[in-house]
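*Asks:* Dropping the structure in here first, questions after.
Read the figures in this text as sums done on the coordinates, not as results from a lab. On a predicted model such as this, the values are computed, not experimentally measured, just so you know. Here the Cβ positions follow ideal geometry from the backbone for every residue, glycine too, while neighbour counts run over all protein chains shown.
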Amino acid sequence: MTAVVWIDPRLVRVAGYAGAVEPGGGPWPNQAPIPDALRPALLAAFNSGFKMRDARGGFYADGRAARPLVAGAATLVISPNGTPNIGEWGRDFHMGPSVAFARQNLSLIVDGGLSVPGLDTGDAAEWGATVGNQVLVWRSGLGVTANGALVYAAGNGLSAATLAGVLARAGAVRAMELDINSAWVDFFSYTPAPTGLPAADIGVVKLLPDMRPSTSDYLTASTRDFVAIFRRH
């Protein structure tokens, strides 16, 4: 089963978060866990890209880089007001005041609204090592539509090519692979704690019930970096 989520950036604020281990170089102002004070506005959170040693790209936040950004790499860029975009670094984005956060992972899998050539022939070195060297595994990806909406897709039994096809059919004009394998692919939606209870008692639901990661991820000192979605005020 594969699930798709559309996210309207006019209604939300997007933020990139460092984990306790990835990308390293901390501490960072936005670092797991998501603080209690922000949880009433928290709507969703999902996995970022590969571990930095495998991502073939960089991580930039708050004016400094944990790993240098790489020209040609697929990149999630977030502006200072929390507006996200997806594209190729050096072509669609360059460093400047409009870049508050950038997370790179591999190369684009959708460009110009179409799956990029060669996805069917890419090996593990290109699209990530999988458990048992399987091609069809848990994968997630993130794209942007022509009108600026984010599209997140995830599911089991996906290749890089089929993930790209899902994102393109969902309207993405540019998209990147995020993470792979069942231990790392997740998307959680949140509801605020009932009135009178601590903010830590936030409700959490998995996008797909058989997603393996714990719903406590991102609310605790998770090891991996991730993306969080907050209600705009």
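*Asks:* How high is the relative contact order of the chain, in percent, counting Cα pairs under 8 Å that sit 6 or more residues apart?
*Replies:* Working: 579 pairs, mean separation 74.6, N = 233.
Computed over the chain, the figure is 32 percent.
*Asks:* Along the principal axes of its C-alpha atoms, what lengths does region 2-231 span, in descending order and rounded to whole Å?
*Replies:* Principal axes ranked by extent give 54, 40, 33 Å for the Cα atoms.
*Asks:* Further question: Give, in nm to one decimal, the length gained when the segment between residue 64 and residue 3 is fully stretched (0.36 nm per residue of separation minus the Cα-Cα distance).
*Replies:* Working: separation 61, 0.36 × 61 = 21.96 nm, distance 3.41 nm.
Full-extension gain reported as 18.5 nm.
*Asks:* Right, here's the next one. What does the extension gain come out to for residue 21 and residue 36, with contour length at 0.36 nm per residue minus their alpha carbon separation?
*Replies:* Details: separation 15, 0.36 × 15 = 5.40 nm, distance 2.08 nm.
Value of the extension gain: 3.3 nm.
*Asks:* Run through the DSSP bridge list for region 33-96 and note the antiparallel percent, rounded to the nearest 5.
*Replies:* Taking every DSSP beta bridge within region 33-96, about 90 percent pair in antiparallel fashion.
*Asks:* Here is a follow-up. Take residue 199, project a point 7 Å from its Cα along the Cβ direction, then tell me which residues of region 36-67 have their backbone nitrogen under 17 Å from it.
*Replies:* Of the residues in region 36-67, 36-45 have backbone N under 17 Å from the label point off residue 199.
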